[in-house]
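> First the structure, which I've put down as structure tokens, then a few questions once you've had a look.
The values are calculated or read from the model by the stated rules, or taken from the named source; none is laboratory data. No experiment lies behind these values; they were computed from the predicted model shown. FYI the Cβ positions are ideal-geometry reconstructions off the backbone, even for glycines, and counts take in every protein chain you see.
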Amino acid sequence: MFWEKRLEGLRACDPQGYEFSGMELPKSLKPVGPYISDETLLQSVATALHVSSQPVTGQTGSKTSLERNPGVFLNPEQPLVQAVTIADDDIKKQEERVAMARKKLQDALRSG
């Protein structure tokens with residue numbers, strides 16, 4: 001159930017052997033479970049998005065029960081993150097960021 005913990009401390013690197021820097025997670029993503037680092041949280045969320053065929057909602061149990069007895073209360077089908085609610089405002093902001101990134105890419109391709 002905690003296979004992500006086995007990957008803690010491992011980092012991806014480029015062909016020259018230089019480690020990639022860590023990713024910063026949104027502040028709204030809070031880890032759940034004993035001793036869950038940001039790296040473990042990221043691996044857990046990425047895996048859920050890649051592999052799961054069901055909606056990714058996070059853990060819905062109370063934080064205290066999840067911390068106290070994770071083997072009983074954690075849902076293994078969900079990432080090790082507290083339940084997340086995405087608002088319409090969040091979606092709009094993300095759509096604006098994507099549109100801006102696409103415009104920058106289009107401008108770069110035209111000038112290149």
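> Just to check your reading of the model, which residue among 52, 44, 21, 65 is more than 25 Å from residue 10 (Cα to Cα) and either free of Cβ contacts under 8 Å to residues at least 24 places away in the same chain or surrounded by 12 or more Cβ atoms within 10 Å (Cβ to Cβ) (or both)?
65
> Test residue 85 against the criterion of being under 18 Å from the mean Cα position of the chain (by Cα) and surrounded by fewer than 10 Cβ atoms within 10 Å (Cβ to Cβ), and give yes or no. Quick ask: steps written out before the conclusion?
Details: under 18 Å from the mean Cα position of the chain (by Cα): yes; surrounded by fewer than 10 Cβ atoms within 10 Å (Cβ to Cβ): yes.
It is true that residue 85 is under 18 Å from the mean Cα position of the chain (by Cα) and surrounded by fewer than 10 Cβ atoms within 10 Å (Cβ to Cβ).
> Specify the residue that is modelled with the highest pLDDT; the eligible residues are those in segment 19-66 that are basic (Lys, Arg) and in a loop (DSSP other than H, G, I, E, B). Explain how you work it out, then say what you get.
As a first pass, look at segment 19-66 and keep what is basic (Lys, Arg): 27, 30, 63.
Of the ones still in play, those that are also in a loop (DSSP other than H, G, I, E, B) are 27, 30.
Details: 27: 82, 30: 86.
Once the filter is applied, the top-ranked residue is 30.
> Within segment 73-91, how many residues are farther than 15 Å from residue 27 by Cβ and β-branched (Val, Ile, Thr)?
Residues in segment 73-91 being farther than 15 Å from residue 27 by Cβ and β-branched (Val, Ile, Thr): 1 in total.
> So, one more: Exactly one of these conditions fails for residue 85: (1) more than 21 Å from residue 11 (Cα to Cα); (2) in contact (Cβ under 8 Å) with a residue 60 or more places away in the chain. Give me its number.
(2)
> Would you say residue 102 is of a type in the set (Lys, Arg), exposed (fewer than 10 other Cβ atoms within 10 Å of the Cβ) and in a helix (DSSP H, G or I)?
no
> I need a count of the residues in segment 67-85 that are in a loop (DSSP other than H, G, I, E, B) and not charged (D, E, K, R). Let's see the steps before the verdict.
Kept after step one, since they are in a loop (DSSP other than H, G, I, E, B), are these residues of segment 67-85: 69, 74-80, 83-85.
With not charged (D, E, K, R) added as a condition, the list becomes 69, 74-76, 78-80, 83-85.
Final tally of qualifying residues: 10.
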